[in-house]
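Engineer: Let me begin by handing over the structure; questions about it come next.
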Amino acid sequence: MSFQEKSAWVMCFALIVSGAFYAWTVLALANVLQTVPPPNAGGLAMGVIIIVAIAIFGHAVAALGNPADANAPEDERDRLVVWRAGNLSGVLLGALCMLSIVSYAVFENGHLLFHALVAGLVISQIAEYALTIWYYRRGV
């Protein structure tokens, strides 16, 4: 397994954990307030801290396994995998942003728009890393 694939696994895990934490925070606030809560800077900051902590630890462990591979430049296959995964996740991000805008037009709730856009960003980034892993496994 290449370092780039290990990196994709680490970041996918970090985003899933961070996204789940933020969603849990928003849903808990919504349950207490009985409405869509306003943007939560504390929850976002904690989500970023979770991502950074997992990424630093995970990449350090992955690099210790094979330091030469961690410092190797990307080859043509790596660039193709990243390009294809990024292309599809970009399409997904666009679709999720459009759905968020439609939800705003229907419900006229800016708080819902904010949380939907954050969810779209997280989901599209998870999709990018999942596609990267899939393309490496598939042998693209």
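The values are calculated or read from the model by the stated rules, or taken from the named source; none is laboratory data. Being a predicted model, the structure only gives us computed values, none of them experimental. Positions of Cβ are generated from backbone atoms using ideal geometry, with glycine treated the same way; all protein chains shown enter the neighbour counts.
Engineer: Could you grab me the full set of residues in segment 68-92 that are β-branched (Val, Ile, Thr) and either under 15 Å from the mean Cα position of the chain (by Cα) or over 16 Å from Arg138 (Cβ atoms) (or both)?
Structural biologist: Taking segment 68-92 and keeping what is β-branched (Val, Ile, Thr), we get 81-82, 91.
Within segment 68-92, Val82, Val91 qualify.
Engineer: Follow-up question, since we're still on this one. Val61 is checked against (1) surrounded by 13 or more Cβ atoms within 10 Å (Cβ to Cβ); (2) of a type outside the set (D, E, K, R); (3) part of a helix (DSSP H, G or I) and fails just one. What number does that condition carry?
Structural biologist: Condition (1) is where Val61 drops out.
Engineer: Do you know which of the residues in segment 31-49 that are among the small types (Gly, Ala, Ser) and under 18 Å from Gly120 (Cβ atoms) is modelled with the lowest pLDDT?
Structural biologist: Gly43
Engineer: Quickly run through segment 40-57 and pick out the residues that are surrounded by 13 or more Cβ atoms within 10 Å (Cβ to Cβ) and either touching a residue at least 24 places away in the same chain (Cβ under 8 Å) or more than 17 Å from Leu113 (Cα to Cα) (or both).
Structural biologist: Leu44, Met46, Gly47, Ile50, Ile51, Ala53, Ile54, Ala55
Engineer: From the list Leu80, Leu96, exactly one residue is touching a residue at least 12 places away in the same chain (Cβ under 8 Å) and within 15 Å of Leu121 (Cβ to Cβ). Which is it?
Structural biologist: Leu96
Engineer: Also: When both residues are 6+ apart or on different chains and their Cβ atoms are under 6 Å apart, which pairs have a first residue that lies in segment 110-138 and is over 11 Å from Val81 (Cα atoms), and a second that is β-branched (Val, Ile, Thr)?
Structural biologist: His111/Val36; Leu112/Val36; His115/Val26
Engineer: For segment 87-111, which residues satisfy the criterion of being over 25 Å from Ala41 (Cα atoms) and surrounded by 17 or more Cβ atoms within 10 Å (Cβ to Cβ)?
Structural biologist: Scanning segment 87-111 gives Ser89, Leu92.
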